[in-house]
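Trainee: Handing you this structure, nothing more for now.
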Amino acid sequence: MPMSIQESAMNITAGKATPSRAWMQLRHDKAAWLGLAAMALLAFAAIAGPSLLGGGDTFEISMDLLAPPSWTHPMGTDDMGRSTFNQLIWGARTSLMVGLASALSTTVIGIAVGALAGYFGGWFDMVIMRVTEVFQVMPKFVLAAVVVAMAGPGLAHVILVIAVLSWPQPARLVRGEVMRIKGLEYVQAAICLGESRLRILWREVLPNAVAPVLALGTLVIGQAILLEAGLSFFGLTTPETPSWGGMLNVGQRFFHQAWWLSVFPGAAIVATVLIFNILGDSVSAAFNPRGGSTL
């Protein structure tokens, strides 16, 4: 069963596995290889799929309105005669772009804030921890919907909102790792040699503290894809951008007439989130000595 972000964070911080040992375990993890293969297939579809489809207009309208799956249209068409399969491929590009950009932004913010809080401590650490607690109890989707509705539709706004709402998890994880590492002998030796605190943090502490955040990064990708799909479903993103959530919005209006409009994008969302949860579970288990393969 894939772990949540909170469960992964607890398991990772409880373990003391070195990065080299973790990578060795990942090489023998069947679930990790399965997740990587599925992610590679998804990335290929998102990057090369539109070109293989001819690069035509995603919203090209035909006379085959609400046509069921057939040889001509493998996943049927919508109420405007648009190919569900073509929209699904283009939607994969949108989902991956939002997921990867959100995860990268979240990780960078979380590492920076968590490292500073964990290493310097004091009032700054106390303030950051109180802020993360506030973010963790807030309903993420509701807040994201309100902010995007106020800021206006657009993938950039969605990515920014997800990053702002998701940074507390990696920040708390990095903080815990930094607090553990800064008490080790080699860090204390660097302090005795007179190295500056920022230099020690950058060269000695941070490289050994950020590796476990990879597990959270993969989970954030899945969360971001799910959140973007929800915002698209409620019409809070640009309608010109193909998205799985937007397809579900159309499909729910014609579910009794055209089941394929809801089933295929819904299955794509579930499968994609599951892929990244499996990867996150595997990476989390690798950095937790008590963990193992998820298969």
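Trainee: Check off (1) closer than 30 Å to ASN86 by Cα; (2) surrounded by fewer than 24 Cβ atoms within 10 Å (Cβ to Cβ) for ILE225 and give me the number that stays unchecked.
Mentor: Failing condition for ILE225: (2).
Trainee: Condition (residue is under 24 Å from LEU227 (Cβ atoms), surrounded by 14 or more Cβ atoms within 10 Å (Cβ to Cβ) and out of contact with any helix residue (DSSP H, G or I) (no Cβ under 8 Å at 6 or more places or on another chain)) applied to region 134-153: is it met by at least one residue?
Mentor: There is at least one residue in region 134-153 that is under 24 Å from LEU227 (Cβ atoms), surrounded by 14 or more Cβ atoms within 10 Å (Cβ to Cβ) and out of contact with any helix residue (DSSP H, G or I) (no Cβ under 8 Å at 6 or more places or on another chain).
Trainee: Right, another one. Quick one: is GLU177 closer than 20 Å to GLY121 by Cβ, at pLDDT 85 or above and loosely packed, with under 14 Cβ neighbours inside 10 Å?
Mentor: Criteria not met by GLU177.
Trainee: Does region 150-163 contain at least one residue that is in a helix (DSSP H, G or I) and over 18 Å from the mean Cα position of the chain (by Cα)?
Mentor: Step one: filter region 150-163 for residues in a helix (DSSP H, G or I), giving 150-151, 155-163.
When the remaining residues are screened for being over 18 Å from the mean Cα position of the chain (by Cα), the result is 150-151.
Within region 150-163 (the criterion being in a helix (DSSP H, G or I) and over 18 Å from the mean Cα position of the chain (by Cα)), the answer is yes, since at least one residue qualifies.
Trainee: Pull up region 25-46, narrow it to residues that are exposed (fewer than 13 other Cβ atoms within 10 Å of the Cβ) and at pLDDT below 90, then point me to the one that is nearest to ILE225 (Cα to Cα). Spell out how you get there, then give the answer.
Mentor: Narrowing region 25-46 to residues exposed (fewer than 13 other Cβ atoms within 10 Å of the Cβ): 27-28, 30, 37, 40-41, 44.
Then keep just the ones that are at pLDDT below 90; that gives 27-28, 30.
Numbers: ARG27: 27, HIS28: 28, LYS30: 24 Å.
Of everything passing the filter in region 25-46, LYS30 is nearest to ILE225 (Cα to Cα).
Trainee: Counting only residues that are assigned to a loop (DSSP other than H, G, I, E, B) and touching a residue at least 12 places away in the same chain (Cβ under 8 Å), which one in region 164-215 is nearest to the chain's Cα centre (by Cα)? If you could, list the steps in order and put the result at the bottom.
Mentor: The first filter runs over region 164-215 and keeps only residues assigned to a loop (DSSP other than H, G, I, E, B), leaving 167, 182-184, 193-196, 210-212.
Those left that are additionally touching a residue at least 12 places away in the same chain (Cβ under 8 Å): 167, 182, 210-212.
Values: TRP167: 12, LYS182: 29, VAL210: 17, ALA211: 16, PRO212: 15 Å.
Taking the candidates together, the pick is TRP167.
Trainee: Take the conditions surrounded by fewer than 21 Cβ atoms within 10 Å (Cβ to Cβ), touching a residue at least 12 places away in the same chain (Cβ under 8 Å), in contact with a helix residue (DSSP H, G or I) (Cβ under 8 Å, 6 or more places away or on another chain) and not in a loop (DSSP other than H, G, I, E, B) and apply them to VAL273. Does it pass?
Mentor: No.
Trainee: Something else: Considering every residue within region 236-243, establish whether at least one is part of a helix (DSSP H, G or I) and touching a residue at least 40 places away in the same chain (Cβ under 8 Å).
Mentor: No, because not a single residue in region 236-243 is part of a helix (DSSP H, G or I) and touching a residue at least 40 places away in the same chain (Cβ under 8 Å).
Trainee: Can you tell which of GLY122, GLY114 is in contact (Cβ under 8 Å) with a residue 24 or more places away in the chain and farther than 23 Å from SER232 by Cβ?
Mentor: On inspection, the qualifying residue turns out to be GLY114.
Trainee: Let me ask another. Of the conditions (1) at pLDDT below 85; (2) crowded, with 24+ Cβ neighbours inside 10 Å, SER232 satisfies every one except a single condition; which number is it?
Mentor: So the condition that SER232 fails would be (1).
Trainee: Pull up region 100-122, narrow it to residues that are closer than 16 Å to PHE135 by Cα and small (Gly, Ala, Ser), then point me to the one that is surrounded by the fewest Cβ atoms within 10 Å (Cβ to Cβ).
Mentor: Across region 100-122, the extreme among qualifying residues is GLY110.
Trainee: GLN257 fails exactly one of the following numbered conditions: (1) assigned to a loop (DSSP other than H, G, I, E, B); (2) modelled with pLDDT of 85 or more; (3) in contact with a helix residue (DSSP H, G or I) (Cβ under 7 Å, 6 or more places away or on another chain). What is the number of that condition?
Mentor: With respect to (1) assigned to a loop (DSSP other than H, G, I, E, B); (2) modelled with pLDDT of 85 or more; (3) in contact with a helix residue (DSSP H, G or I) (Cβ under 7 Å, 6 or more places away or on another chain), GLN257 is out only on (3).
Trainee: If we keep just the residues of region 52-96 that are of a type in the set (Ser, Thr, Tyr) and surrounded by fewer than 22 Cβ atoms within 10 Å (Cβ to Cβ), which is modelled with the lowest pLDDT?
Mentor: For region 52-96, the residue satisfying everything is THR58.
The values are calculated or read from the model by the stated rules, or taken from the named source; none is laboratory data. In this text the structure is predicted, and so the values were computed from the model without any measurement. When we count neighbours, we look across all protein chains shown, and the Cβ atoms used for this are built from the backbone with ideal geometry, even at glycine.
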